[in-house]
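Some notes on the structure that comes next.
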Amino acid sequence: MLARPDSLNLSNWRLPPHNRWAFNHVREIIPSEPIYRGNKSADLPRDPIDSVGELSTPGLDREAWTLQQWLEVSSSDALLVAHRGRLVHEWYVDAEIERNPHIVFSVSKSITAVLAGVLVGQGLLDPSRLVCDYLPELAQSGYRDATVQQVLDMAVRIDFDEDYLATSGKFIEYRTATAWHPCGVDDIDTNLHDFLSSIGRAEGNHGEVWQYKSPNSDLLGWLLEKASGQRLAQLMGRYLWQPMGAEKNGYITLDRKGAPRTAGGICVIPRDLLRFAELVRNRGFANGQQVVPASWIEDCSDGGSLEAWRLGESAKEFPAGSYRNKWYQTGNEHRAMLAIGIHSQWIYIDPVAEVSIVKLSSQGEPLRLDLDDINLRTFANITAALG
């Protein structure tokens with residue numbers, strides 16, 4: 001078990017060597033709100049398949065890696081694989097990872113968008129309406145003429161650059177507003193809603209080009225709270241965690257005024273993230289009930305503008321893919337879909353092979369495209385071995 005690093009603080013919690021401890025203890029660093037589970041967790045039947053752990057996978061420089069080598073090189077904390085609803089492989093770097101909620105970073109976006117589907121099904125949220133119909137506070141912002149669907153699809157033209165390595169400027173202002181970064185004494189009231197309201201309009205038409213900008217997903221959390229009149233964590237507990245039979249409370253980080261960080265602040269235990277992945281794989285159905293409208297999950301896996309994706313910055317990674325409601329579509333023959341977070345957090349769902357994979361990590365760098373390619377190949381190898 002790792003001890004809390006003596007030198008850990010709000011400036012360095014995402015950096016090695018602090019991050020392995022910090023990613024599993026985020027609520028001890030940043031304000032948070034619990035996502036409550038229900039009174040009974042759903043069974044996650046185990047049926048271990050030893051051959052999964054014996055797989056090899058292509059490594060860097062084309063050498064073959066064992067699965068264990070891949071887990072080590074990619075700084076993995078947990079790997080869970082379900083096949084046809086049964087847990088066939090479960091690995092943790094240590095016991096603490098198994099029982100403590102781990103931050104999932106931008107996988108939070110995909111979770112929040114599934115929750116949005118519940119509100120759409122209830123008639124509380126209409127993706128075709130303008131953002132300002134729900135949040136008139138944004139009438140002077142870059143979101144003033146954007147629709148909710150464009151926010152869901154990362155197709156909004158706002159003046160913001162997603163630069164994880166920035167040391168100053170707009171991105172640091174953003175992280176400070178979320179309470180993920182220290183602020184000066186005179187900036188103690190810095191908060192997420194004010195930051196979102198301050199973002200300007202960029203040139204071009206909304207909806208035409210896919211552009212990855214995390215503030216869109218924090219805005220989605222604000223939209224869900226405004227449309228429902230409820231706290232985001234309460235919504236997530238009531239409409240996702242409790243009906244899917246979560247094993248343990250999760251939580252979400254908050255800014256200094258209590259706004260939830262839906263772009264990246266959800267923290268859950270690995271088995272509950274797998275339960276969520278299975279909920280999506282089963283088209284919103286869990287524990288004998290339709291938790292999320294099946295039509296919404298189908299839209300996440302099959303909808304979206306191919307043209308907007310192909311004009312975007314990540315089309316080379318999934319040339320036949322797309323992006324819809326905060327979910328990546330690979331465009332492969334099995335229509336696999338992904339939720340991805342920085343520092344190598346993953347949900348991989350193959351609906352044809354009936355496989356769900358969860359990988360949580362403490363990768364030192366926010367992005368490593370070389371390892372991302374290996375991760376995807378390994379997920380495909382695991383799926384093929386089970387198929």
Checklist entry - Any idea which of Gly117, Gly121 is surrounded by fewer than 21 Cβ atoms within 10 Å (Cβ to Cβ), touching a Pro at 6+ places or on another chain (Cβ under 8 Å) and at pLDDT 95 or above? => result Gly121
Item to check | Selection from segment 196-238 of residues that are more than 21 Å from Asp133 (Cβ to Cβ) and part of a helix (DSSP H, G or I) | outcome: Ala233, Gln234, Met236, Gly237, Arg238
Next on the checklist: Among the residues of segment 305-327, are any free of Cβ contacts under 8 Å to residues at least 60 places away in the same chain and of a type in the set (Lys, Arg)?
Outcome noted: yes
Item to check | Hits in segment 74-110 (condition: at pLDDT 95 or above and among the aliphatic types (A, V, I, L, M)) | outcome: Ala78, Leu79, Leu80, Val81, Ala82, Leu87, Val88, Val93, Ile97, Ile103, Val104, Val107
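Among what's in segment 1-58 and is of a type in the set (Ser, Thr, Tyr) and under 19 Å from the mean Cα position of the chain (by Cα), pick the residue that is surrounded by the most Cβ atoms within 10 Å (Cβ to Cβ).
In the first step, residues of segment 1-58 are kept if they are of a type in the set (Ser, Thr, Tyr); the result is 7, 11, 32, 36, 41, 51, 56-57.
Cutting the leftovers down to under 19 Å from the mean Cα position of the chain (by Cα) gives us 32, 36.
Values: Ser32: 22, Tyr36: 16.
In this case the residue turns out to be Ser32.
Report whether or not Asp153 is crowded, with 23+ Cβ neighbours inside 10 Å and either at pLDDT 95 or above or not polar (S, T, N, Q) (or both). Spell out how you get there, then give the answer.
Values: crowded, with 23+ Cβ neighbours inside 10 Å: yes; either at pLDDT 95 or above or not polar (S, T, N, Q) (or both): yes.
Spelling it out, Asp153 is indeed crowded, with 23+ Cβ neighbours inside 10 Å and either at pLDDT 95 or above or not polar (S, T, N, Q) (or both).
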Item to check | In segment 5-51, the residues that are of a type in the set (Lys, Arg), at pLDDT 95 or above and outside any helix (DSSP H, G or I) | outcome: Arg14, Arg37, Arg46
Checklist outcome for this item: Counting only residues that are modelled with pLDDT of 95 or more, within 24 Å of Leu371 (Cα to Cα) and touching a Gly at 6+ places or on another chain (Cβ under 7 Å), segment 295-320 contains a total of 1
Item to check | Looking only at segment 298-336, and only at residues there that are assigned to a helix (DSSP H, G or I) and in contact with a strand residue (DSSP E or B) (Cβ under 9 Å, 6 or more places away or on another chain), the one that is surrounded by the most Cβ atoms within 10 Å (Cβ to Cβ) | outcome: Cys300
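Can you confirm whether Asp272 is touching a residue at least 12 places away in the same chain (Cβ under 8 Å), surrounded by fewer than 24 Cβ atoms within 10 Å (Cβ to Cβ) and in a helix (DSSP H, G or I)? Steps first, answer last, please.
Values: touching a residue at least 12 places away in the same chain (Cβ under 8 Å): yes; surrounded by fewer than 24 Cβ atoms within 10 Å (Cβ to Cβ): no; in a helix (DSSP H, G or I): yes.
Against the criterion (touching a residue at least 12 places away in the same chain (Cβ under 8 Å), surrounded by fewer than 24 Cβ atoms within 10 Å (Cβ to Cβ) and in a helix (DSSP H, G or I)), Asp272 does not qualify.
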Checklist entry - In segment 337-358, which residue that is of a type in the set (A, V, I, L, M) and assigned to a loop (DSSP other than H, G, I, E, B) is nearest to Ser106 (Cα to Cα)? => result Ile342
Checklist outcome for this item: Exactly one of Ser217, Ser168, Ser197 is surrounded by fewer than 21 Cβ atoms within 10 Å (Cβ to Cβ) and at pLDDT 95 or above, and that residue is Ser197
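The values are calculated or read from the model by the stated rules, or taken from the named source; none is laboratory data. Nothing here was measured: the structure is a model prediction, and the numbers come from that model. Cβ atoms come from the backbone with ideal geometry, glycine included; neighbour counts cover every protein chain shown.
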